[in-house]
Structure formats: structure tokens, C-alpha cells
């Protein structure tokens, strides 16, 4: 769970999904983009929404399994090699 209000790209979300964890994260930062639809998104200022999301994951094996599978799918294409290649292309286009 990462209810951050000021987060950059969201490597902790990617790491959690890649390790098979169902993720709850903030909908108001770059975390939602990093999650790519593979997490429950919450308002970090809404304690009830946070609690409901955690209870949902804790009480529903189907939801946990679905989020874990979506997390694996989301992270499958996110590698350091692909990141390096993308940065290289961007840098070359600036020259």
C-alpha cells in the first residue's frame, strides 16, 4: 500500500507487483500511471477508502489473484534494458 501524495514514477509499486503483491496506491500521483490498471487506486486523503481497499484485498481471494496476475502482466514489459533503450533513443533524438 502506497498512499503517497508526492510521488514520482512509482518504482515501489512496480517492485511490489513484480514480486506478486496485490497493490493499493494513490490515484493522485504518478503511481496510478505506474500501476497501469493493475492496482486498486485510492485518494490518499480518504482514510475510509484506504481501509475499504485493504479490507477488499484481505477478504477476496479472487480480487487478490486478479491484481497479482494484472501486476505480473504490467511488469513483464518493464525491464531496465528497455528503460535504457528508451533513454538512449530520447537522448539521440535531442542531438
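Key figures for this structure:
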quantity: Highest-first arrangement of 60-72, 6-18, where packing means the average Cβ count within 10 Å; calculated: 6-18, 60-72
quantity: Hull shadow area, averaged, the chain [alpha-carbon convex hull, nm²]; calculated: 6.4 nm²
quantity: Gap separating the Cα centres of the stretch 29-95 and the stretch 1-23, nearest whole Å; calculated: 6 Å
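All of the numbers you see were taken from the coordinates with simple rules; none came from a lab. For clarity, every value in this text was computed on a predicted model and none was experimentally measured. Don't worry about glycine lacking a Cβ; one is built from the backbone with ideal geometry, like all the others, and counts go over all protein chains shown.
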